[in-house]
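S.K.: Take this structure first; my questions come after.
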Amino acid sequence: ENKKYKLLLIGEGPLYDESKNYVSELECKNNIIFIKNTNEIYKYYSAMDLFAFPSKYEGLGIVAVEAQISGLNTICSNCVPKDVILNQDYIKFLPLEEEMWVKEILSIEKINIIDRENYIENNADNIRKYEIDNTVKELENIYLSLYK
């Protein structure tokens, strides 16, 4: 048990209760925090040093985009589309192999800790493509082109 690390699990998927029961039996149970669904996810992003997204199936992976917009170093499974990349320097894609993920997560001290204010400012163009006004306009153009 390494008290230096905490695992924050956010959301209520179909395995939520099973996962809580499993964790309750672990020696490291005090290092794992469960948060049910929330509309204030940004508050949790600001508390994190790293965002891990080991998804098996993903259409876009908007949470990986949100995490990067919050200035988090992000690790995604290679099942997540590359469309989520805002800045290549702060995102990694790994196969879903436990040893690789553990090694990457434990190397947190070697990862660039992001100055979040400057990160957002320096990546404004990449972030802007996910703003609601731009996505609505893009979707509108798609519908108009299909209509024609």
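The values are calculated or read from the model by the stated rules, or taken from the named source; none is laboratory data. Just so it is clear, the structure is predicted and the values come from calculations on it, not from any experiment. For neighbour counting, all protein chains shown are included, and Cβ atoms are generated from backbone atoms with ideal geometry for every residue, glycine included. When the accessible area is computed, the model is the full protein with side chains, heavy atoms only, and any ligands, DNA or RNA have been set aside. Shrake-Rupley method; radii C 1.70, N 1.55, O 1.52, S 1.80 Å.
S.K.: So which trypsin sites (Lys or Arg not before Pro) in the stretch 15-65 are both in a DSSP loop and have at most 14 other Cβ atoms within 10 Å of their Cβ?
M.R.: K36, K56
S.K.: OK, next. Taking H as built 1.01 Å from N, whose amide H comes closer than 5 Å to the amide H of K92, not counting residues under 5 places away?
M.R.: Result for K92 returns T74, I75, C76.
S.K.: Still on this structure, please answer the following. Rg and Dmax in Å for the stretch 40-148, alpha carbons only: what are they?
M.R.: Reported Rg and Dmax, both Å: 15.5, 53.
S.K.: From the phi angles alone, apply the Karplus equation (6.51, -1.76, 1.60; θ = phi - 60°) to the stretch 131-144 and give each ³J(HN,Hα) in whole Hz, x where the residue is Gly or Pro.
M.R.: Karplus values, whole Hz, x for Gly and Pro: 5, 4, 4, 6, 5, 5, 4, 5, 5, 4, 4, 5, 4, 5.
S.K.: Rounded to the nearest whole Å², what accessible area per residue is found for the chain with the 1.4 Å probe?
M.R.: 72 Å²
S.K.: Something else about it: Report in % the part of the accessible area of the chain that belongs to carbon and sulfur, leaving out ligands and nucleic acids; probe 1.4 Å.
M.R.: Accessible surface attributable to carbon and sulfur in the chain totals 51 percent.
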